[in-house]
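The values are calculated or read from the model by the stated rules, or taken from the named source; none is laboratory data. Just so we're clear, the structure is a prediction, and the values are computed from it rather than from any experiment. Note: ideal-geometry Cβ built from the backbone for every residue, glycine included; neighbour counts use all protein chains shown.
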Amino acid sequence: MAREVPCRLGAISPALGEAVMADGTEYLRAGDVARATGASIRTVRRWIKDKIIPSTKLGGARLVPRADLERLLSLFSTTTEEATNDDDQD
């Protein structure tokens, strides 16, 4: 059985801090990433600092491209699924 990765990206609205740049790229603040992943804001900031999640700096804020977060979450989901399947075969 695959472990579900908490992800509520669809529930994030621009009012919660999502920014859309002129090129159409959507960015999220650390708090939005935390809500989407179920992690704490402190953990998300550590992920950004450790470059686990790519980010860009705009003014004083670090913004995470929404597409990169979705890609990371899908990789995590796939990796978790494979690990769970390996455990089931034992």
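Here are the numbers:
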{"read-out": "Residue list for segment 31-40, restricted to those being buried (at least 16 other Cβ atoms within 10 Å of the Cβ) and not aliphatic (A, V, I, L, M)", "value": "ASP32, ARG35, THR37"}
{"read-out": "Count of segment 34-67 residues which are in contact with an Asp or Glu (Cβ under 9 Å, 6 or more places away or on another chain) and assigned to a loop (DSSP other than H, G, I, E, B)", "value": "3"}
{"read-out": "Residue among THR43, THR80 that alone is surrounded by 12 or more Cβ atoms within 10 Å (Cβ to Cβ), modelled with pLDDT of 75 or more and more than 10 Å from the chain's Cα centre (by Cα)", "value": "THR43"}
{"read-out": "The lone exception for VAL5 - which of (1) exposed (fewer than 13 other Cβ atoms within 10 Å of the Cβ); (2) at pLDDT below 75 it fails", "value": "(1)"}
{"read-out": "Residue within segment 52-66 that is hydrophobic (A, V, I, L, M, F, W, C), over 14 Å from the mean Cα position of the chain (by Cα) and either surrounded by 11 or more Cβ atoms within 10 Å (Cβ to Cβ) or at pLDDT 60 or above (or both) present", "value": "yes"}
{"read-out": "Qualifying residues in segment 9-30 (those that are modelled with pLDDT under 70 and assigned to a loop (DSSP other than H, G, I, E, B)) - the one surrounded by the fewest Cβ atoms within 10 Å (Cβ to Cβ)", "value": "SER13"}
